[in-house]
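Notes for the one structure printed next.
The values are calculated or read from the model by the stated rules, or taken from the named source; none is laboratory data. This structure is a prediction, so every number in the text was calculated from the model and none was measured. Cβ coordinates were reconstructed from backbone atoms using ideal geometry, including for glycine residues, and neighbour counts include every protein chain displayed. Areas reflect the complete protein model, heavy atoms only, side chains present, ligands, DNA and RNA absent. Shrake-Rupley method; radii C 1.70, N 1.55, O 1.52, S 1.80 Å.
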Amino acid sequence: MLKFKTPKKGRVKRELEKRAPKLVETGKKTLILQGTKTSNVLNTVLSEIFHLKRDNAIRYTRKNDSIRPFESGGETSLEFFSLKTDCSIFVYGSTSKKRPDNLVIGRTYDHHIYDLIEVGVENFKRMNSFSYDKKLAPQAGSKPFIVFSGEAFESVDELKHLKEVLLDLLRGEVVDNLNLAGLGRVYVCTAISSNRVFLTHCAMRLKKSGTIVPRIELVEIGPSMDFVVRRHRLPNESLRKEAMKTAKDKTHKKIKNVSKDALQGKLGKIYIPDQKIGEMALPNKSKGVKRERREAKMKNSNNEPSSKKQKEDS
């Protein structure tokens with residue numbers, strides 16, 4: 001039988017609670033790795049991706065010769081690094097004569113490989129090659145828009161898979177409400193052909209439009225590149241079903257005499273029993289009792305001389 005050790009230190013316990021499954025998952029962290037051989041273009045691509053994801057990303061610059069995606073036995077190191085860094089998305093870069101400037105983007109489930117997609121990088125332009133007003137540079141922590149343009153994202157299986165992976169890679173933490181001031185950039189993905197996608201990064205410039213909603217202009221700030229899809233591997237149907245499971249919402253216990261209204265909000269009913277004021281015991285030193293005694297005393301003093309006169313007359 002397996003023995004489970006409970007953590008003795010509070011720091012270890014808090015760290016394990018962070019990594020435990022949650023009903024509402026937090027943002028996914030990205031692990032960026034490189035193989036034994038990388039070109040200058042590929043190194044720049046990896047550094048630019050790390051710069052865009054620096055809030056939720058970990059970069060390893062050491063060469064890894066034991067990582068070979070799409071091969072049996074070559075993915076154990078990826079799973080180990082995923083468990084060590086608690087990252088659910090990874091980007092692995094390598095180059096060879098057969099596959100130059102190669103990027104492998106994958107996702108993990110329970111720190112095991114979930115799916116993989118391999119793309120080649122072409123026509124790369126780094127951030128420094130674009131000239132723009134530095135005031136338009138997006139701030140750290142800003143939420144991006146992601147635009148997918150082209151019918152191929154809905155009809156071609158490879159581009160469908162690439163769309164799902166890019167969404168998880170670029171969108172960051174999922175939130176319910178957004179502030180317009182916190183939206184400062186856009187990722188534009190355009191399907192040029194059945195296996196080629198153009199990706200660029202733009203900043204948003206808000207201008208007056210005469211209405212509440214401002215007019216938006218896009219300014220390209222980089223990086224930009226072409227992704228050529230080479231290989232991809234989808235997850236098994238059983239693994240997909242297990243990963244897509246969601247916890248059932250707990251049924252809330254009905255509270256009596258409480259209702260909700262769209263306009264007035266939360267409403268409640270209060271039942272007050274009949275008050276029997278006549279049977280209530282009043283304190284002896286109350287002001288009302290003292291006043292009644294004074295009034296009774298005044299009446300008695302007024303009635304006494306009249307009774308005496310009546311006796312004398314008789």
Residue by residue through the range 111-125, which ³J(HN,Hα) values in whole Hz follow from phi under the Karplus form 6.51 cos²θ - 1.76 cosθ + 1.60 (θ = phi - 60°), with glycine and proline marked x?
6, 10, 4, 9, 8, 9, 9, 10, 10, x, 9, 9, 6, 7, 10
Rounded to a whole number, what % of the accessible area of the chain do carbon and sulfur atoms account for, probe 1.4 Å?
52
The chain, Gaussian network, Cα under 10 Å: of M244, M280, M204, the residue fluctuating most is M280
In whole angstrom, how far apart do the alpha carbon centroids of the range 197-228 and the range 145-168 sit?
18
For the chain, set up a GNM with springs between Cα atoms under 10 Å and report which of G278, G74, G268 has the largest fluctuation.
G278
With a cut-off of 8 Å between alpha carbons and a minimum separation of six or more residues, what is the relative contact order of the range 43-113 in percent?
22
From the backbone phi of the range 67-77, what are the Karplus-calculated ³J(HN,Hα) couplings (6.51 cos²θ - 1.76 cosθ + 1.60, θ = phi - 60°) in whole Hz, Gly and Pro given as x?
9, 9, x, 6, 10, 5, x, x, 10, 5, 5
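Using a 1.4 angstrom probe, figure out how much accessible area the chain has per residue, in square angstrom, rounded to the nearest whole.
Values: 23130 Å² over 314 residues.
Spelled out: the 1.4 Å probe surface of the chain, per residue, equals 74 Å².
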Highest-MSF residue in the chain out of I117, I192, I216 [GNM, Cα springs under 10 Å]
I216
Run through the range 142-209 and list the trypsin sites (Lys or Arg not before Pro) located in a DSSP loop whose Cβ has at most 13 other Cβ atoms within 10 Å.
K208
Out of the DSSP beta bridges found with both residues in the chain, what percent are antiparallel (nearest 5)?
75
Cα-only Rg/Rh for the chain with Kirkwood Rh rounds to 1.44
Is there a pair in K13/K53; K134/K208; K13/K266; K5/K53; K63/K134 whose C-alpha atoms are over 32 Å apart, and which pairs would that be?
K13/K266; K5/K53; K63/K134
How high is the relative contact order of the range 1-119, in percent, counting Cα pairs under 8 Å that sit 6 or more residues apart?
26
Helix-derived [θ] at 222 nm for the chain: sum -39500 (n - 2.57) over DSSP H runs of at least 4, divide by residue count, nearest 500?
-8500 deg cm²/dmol
Can you tell me the order of 152-159, 60-67, 43-50, 127-134 when each peptide is scored by its average per-residue count of other Cβ atoms within 10 angstrom, highest first?
43-50, 152-159, 60-67, 127-134
Kindly flag which residue pairs out of K18/K256; K18/K269; K9/K29 have an alpha-carbon separation exceeding 31 Å in this structure.
K18/K256; K18/K269
Calc'd 3J(HN,Hα), the range 143-156, phi into Karplus 6.51 cos²θ - 1.76 cosθ + 1.60 (θ = phi - 60°), Hz, glycine/Pro = x, comes to 8, x, 8, 10, 10, 10, 10, x, 6, 5, 5, 9, 10, 8
Under 19 Å from the Cα of K143 - aspartates and glutamates, other chains or at least 8 residues apart
E25, E48, D55, E164, D168, E173, D176, E217, E220
The range 55-211: antiparallel bridges as % of DSSP beta bridges, rounded to 5, reads 75
May I ask what percent, to the nearest 5, of DSSP beta bridges between residues of the range 1-114 are antiparallel?
45
Tell me, what is the percent relative contact order of the chain, built from C-alpha pairs under 8 Å that lie six or more residues apart?
14
